[in-house]
1. Fully extended, how many nm does the chain gain between ALA81 and LEU39 (0.36 nm per residue separation, minus their Cα-Cα distance)?
2. Can you send over the solvent-accessible area of TYR43, 1.4 Å probe, protein chains only, in Å² to the nearest 10?
3. So, for the stretch 97-153, what is the accessible surface per residue at a probe of 1.4 Å, expressed in square angstrom?
4. Considering the zone a paramagnetic label at VAL50 would reach in this model (a point 7 Å from Cα along the Cα-to-Cβ line), which residues of the stretch 1-24 have amide N under 12 Å from it?
5. Return, for the Cα atoms of the stretch 98-226, the radius of gyration and Dmax in Å, separated by a comma.
6. Would you please classify the overall shape of the stretch 1-137 from the alpha carbon gyration tensor, given that a ≥ b ≥ c denote the square roots of the eigenvalues, rounded means a/c under 1.5, and beyond that prolate means a/b larger than b/c while oblate covers the rest?
7. Tell me the label-point distance for the pair ALA114, VAL184, using the 7 Å Cα-to-Cβ offset, in nm and rounded to one decimal.
8. Carbon and sulfur together cover what percent of the accessible area of the chain at a 1.4 Å probe radius?
Amino acid sequence: LRQAIERQEFVLHYQPRVELSSDRIVGFEALVRWNHPDLGLVYPDEFISVAEETGLIAPLGEWVAREACAQLVRWRSQGFAIESMAVNVSARQFRQRMPIELVRGALEESGLEAQHLEIEITESAVMQDTRQALETLEELRQIGVRVAIDDFGTGYSSLSYLRGLAIDAVKIDKSFVDGIENNVDDEVLTSTIVLMAHSLGLAVVAEGVESERQLTFLRGENCDEIQGYWLAKPMDPELCRSFI
Ligand code: C2E
Ligand code: MG
Ligand code: MG
């Protein structure tokens, strides 16, 4: 991993997010891949945890944030009206208050305005050290970036806890979306998350949408945005351009 960072073997793929009220692509999520000389594309589930354990998540995360911001600036300067770029921040990054420096640096270097950047943090990362998390989220809000809770519904956070957080959106975990076609409990949970998030003034993104049936259900529940293979897999920047 250390060598890979030096040799710049990482690439970003981008997955579009569609706003259901307008059916427009409003943003992309940046997802890192390791373009290994022998193994080919290696996916983040295989190396993010190692990067966290070794501390290499710091330089890697920094590169991801910079590259993602720079990419959005390029698209926008080419005339594409893409409103937001989402960047994932892992639990360890979040705990070490790195997102603050990381976000400032990436915005400054790319010239991207803060409102176009969205930081995705998993629910479990926010739950680990509540007081620290509250402060970091507050600082991110002051910078003006948006914050979304990723994999929402899997981290056992309570309603009252969510109310106190400086966040803008929740991303319903794919496991609930998966059940939409065949599990009434998952359908009920999904509707409840949408209702609850809306009543707290939060936007809702459903991730991992793979079928028309899921899409129709989410539309009916007034989910704000969707992301998933039904629309597009994460793509390299070239492919994204032709997709926009
Ligand atoms: P995530 O942020 O929840 O991202 C969603 C994952 O689901 C992505 O996997 C995406 O490719 C996949 N996905 C999207 N739509 C569908 C669908 O319709 N069906 C299925 N089966 N999968 C779908 P990916 O790219 O392998 O990333 C896995 C996780 O790795 C991410 O989950 C995120 O937590 C982490 N990750 C990715 N990039 C970064 C990064 O730059 N920094 C950090 N810290 N973590 C990252
Ligand atoms: Mg994410
Ligand atoms: Mg997720």
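The values are calculated or read from the model by the stated rules, or taken from the named source; none is laboratory data. Values in this document were obtained by computation on a predicted structure and should not be read as measured data. All Cβ positions, glycine included, derive from the backbone under ideal geometry; neighbour counts span all protein chains shown. The protein model used for the area step is the full one, side chains on, heavy atoms only, and it has no ligands, DNA or RNA in it. Shrake-Rupley method; radii C 1.70, N 1.55, O 1.52, S 1.80 Å.
1. On the way: separation 42, 0.36 × 42 = 15.12 nm, distance 3.59 nm.
So the chain would gain 11.5 nm between ALA81 and LEU39.
2. For TYR43, the solvent-accessible surface is approximately 120 Å².
3. Values: 2500 Å² over 57 residues.
Accessible area per residue, the stretch 97-153: 44 Å².
4. Within reach of a label on VAL50: 1-5.
5. 15.4, 47
6. Numbers: a/c = 1.61, a/b = 1.14, b/c = 1.41.
Oblate is the answer for the stretch 1-137, as a/c is 1.5 or above yet b/c matches or exceeds a/b.
7. Label at ALA114, label at VAL184, 4.7 nm between them.
8. Numbers: 5490 of 11600 Å².
The computed percentage sits at 47.
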